[in-house]
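First comes the structure, then the notes that go with it.
The values are calculated or read from the model by the stated rules, or taken from the named source; none is laboratory data. Being a predicted model, the structure only gives us computed values, none of them experimental. Cβ placement follows ideal geometry from the backbone for every residue including glycine, while neighbour counts extend to all protein chains displayed. For the accessible areas, the whole protein counts, side chains as well, though only heavy atoms, and no ligand, DNA or RNA atoms are used. Shrake-Rupley method; radii C 1.70, N 1.55, O 1.52, S 1.80 Å.
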Amino acid sequence: MGWKFYGRRSELEAMKQLLSRQQWFFCAISGRRRIGKTSLIKEALTSLPQASEAVYLQIPDSDEHDVVSVFVDTLAGIGAERLPSTVDLSKMHRFADMVQVIGHLCRAGWIVILDEFQYFNRKSLSSFASLLQAEVDQLFGGNQGGIFVLGSIHTEMTALLEDRSSPLYARVTDRMTLEHWDFATLYEVFEDQGIDDPADWLSLWGLFEGVPKFYRDCVTQGVFQQKNVLGESADLKMGMRAVEALFFSPTAPLLEEAATLFVRELRGASVSILRMLAQQQPCVYKQLSDAYRNSTGDDKPISNYLNILMERYRLVESQHPVFSQGVGSRQARYLLGDNFLAAWLAAIEPGVQASRVQPAARALSITAQKLATHEGHVFERMVRKLMSDASRLDVGDFPLTDTVTGYWNRARDAARLIEIDVVAINETDRTVRFGSCKRSASKHDRVSLMKTEQHIADFLRTSTGRRFAGWKQQRALYAPEFSASLRESLETAGWICVDLRDFRQWFAQVQT
């Protein structure tokens, strides 16, 4: 099947209402790169009864002259005959001219879309915000046209639009944040594209999470049609077919993006920390700090770099055990919060490097081995997100009243270590579910089950675990897929078995 616009029902409806209310607007849309900000606007514009003229400009990370030049070229490409008569491209040389043209376009009913708007927070481009503020103040109250500003770095968008010292403070009329596709949408994509193997669902989510553009690239490159670009690996699984087509092929549409998308705005220590996290996530602060010091010889604390990666770029997440103190807790563990970046750094980049001096088949084999380890890390994260999505949509087998987390301690010796992958809480019913996640259902063997039972028992004897005294307790096992016989055996032994097919059945009840 080809490609269509998926999901985003509530966001699309809100966008249609914004474009239909016959009132000038200044709307800010934030979200990770490739998450579908521009596609959402385009879908809303094309679905309206009366089409609006629109101009899209991706702001270059450059200087004033270059930004204005790109805008002139963009408008020239539209054609002078379509532009308002008040727009004279020959007179556009500075930001002041550019802002004036934006005003002319809005008054003529045009929609102006400024992507990567956060670059105007750069010192070399900062004068634009003051000039735009003056024009926005004149446009406010008009009955047509509007400006969309799109940004992928949350803190810089916040500094431009929400900081009280910013010229554009309190000028935004509408605001929207786009997150990854939810799982209901992802299952719809899998069904449309004929992807029915739960192992493939995990592989694709481990690579691309819920980023629409990457799945569309798979369609364009024929990944879902069992097509292998290099012709040397006919037995590749879906995940590796995607890797081969998007990173190893002669055209490799994601190779440059993977190499530059995140690290082009990062330098030195931040990049080193990302690479270390990719190799050993999740890990506590001391592990990461020691690894950084041993690798670089730098004794400086890494806390500032880590905070920037979490708060500014949102590339790192911190996990906290159930009922922990949260921020500042020494039990906090850190991991990469973007699957695409984690897969690239941990598995794909080493293979790409190897392919420069080794046969493609051998380089792909290196990547496949590392990707299997990566999938083991992300499956636990996938289960937690699946449970959260299901509960939010009122489907599934466990309604939550709090965020799904896990539990681990800071034991000094392995014999006293406690680690539980999933701790899910329903305060209303006073029910707690303890879960174990395995990338392969066969790994839920007798030894693993005994170990999980022991960890749960040890946890319930801790001060944290005693808070569940008198609660109903469930023990659950998670895997991409359970065979009927294994499920029956485990459920007979008192375990709840949940796999990705179960979640697909639950999400099928939801219209995305």
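Scanning segment 70-83 for residues that are open to solvent by less than 10 Å² (accessible area, probe 1.4 Å) and under 30 Å from LEU186 (Cα atoms) turns up nothing. Scanning segment 317-336 for residues that are closer than 18 Å to ALA269 by Cα and open to solvent by 10 Å² or more (accessible area, probe 1.4 Å) turns up GLU317, TYR334, LEU335.
Filtered by the rule that a residue be open to solvent by 50 Å² or more (accessible area, probe 1.4 Å) and either in contact with a His (Cβ under 8 Å, 6 or more places away or on another chain) or not in a helix (DSSP H, G or I) (or both), segment 431-473 gives LYS438, ARG439, ASP445, ARG461, SER463, ALA469, GLY470, LYS472, GLN473.
One line per residue, one yes/no per condition, for (1) in a helix (DSSP H, G or I); (2) of a type in the set (A, V, I, L, M); (3) in contact with a His (Cβ under 9 Å, 6 or more places away or on another chain); (4) at pLDDT below 95:
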| residue | (1), (2), (3), (4) |
| --- | --- |
| ALA51 | no, yes, no, yes |
| TYR56 | no, no, no, no |
| PRO60 | no, no, no, yes |
| VAL67 | yes, yes, no, no |
| PHE71 | yes, no, no, no |
| ALA76 | yes, yes, no, no |
| GLU81 | no, no, no, yes |
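Selection of segment 165-183 for residues being assigned to a loop (DSSP other than H, G, I, E, B) and touching a strand residue (DSSP E or B) at 6+ places or on another chain (Cβ under 9 Å) yields LEU168, ARG171, VAL172, THR173, LEU178. In the condition set (1) touching a helix residue (DSSP H, G or I) at 6+ places or on another chain (Cβ under 8 Å); (2) closer than 28 Å to PHE248 by Cα; (3) in a helix (DSSP H, G or I), ALA390 is compliant with all but (2).
When you look at ALA96, is it farther than 27 Å from ALA159 by Cβ and touching a residue at least 24 places away in the same chain (Cβ under 8 Å), yes or no? Considered against the rule, which asks whether it is farther than 27 Å from ALA159 by Cβ and touching a residue at least 24 places away in the same chain (Cβ under 8 Å), ALA96 comes out as no. Counting the residues of segment 21-61 that are without any contact (Cβ under 8 Å) to a residue 24 or more places away in the chain and touching a Leu at 6+ places or on another chain (Cβ under 9 Å) gives 1. GLY210 satisfies every condition listed in (1) buried (at least 16 other Cβ atoms within 10 Å of the Cβ); (2) of a type outside the set (D, E, K, R); (3) out of contact with any Phe, Trp or Tyr (no Cβ under 9 Å at 6 or more places or on another chain) except (3). For segment 296-306, the set of residues classified as part of a helix (DSSP H, G or I) and open to solvent by 60 Å² or more (accessible area, probe 1.4 Å) consists of THR296, ASN304, TYR305, listed by residue number. Is it true that PHE248 is at pLDDT below 95 and closer than 15 Å to LEU364 by Cβ? Judged against the criteria, PHE248 is a match.
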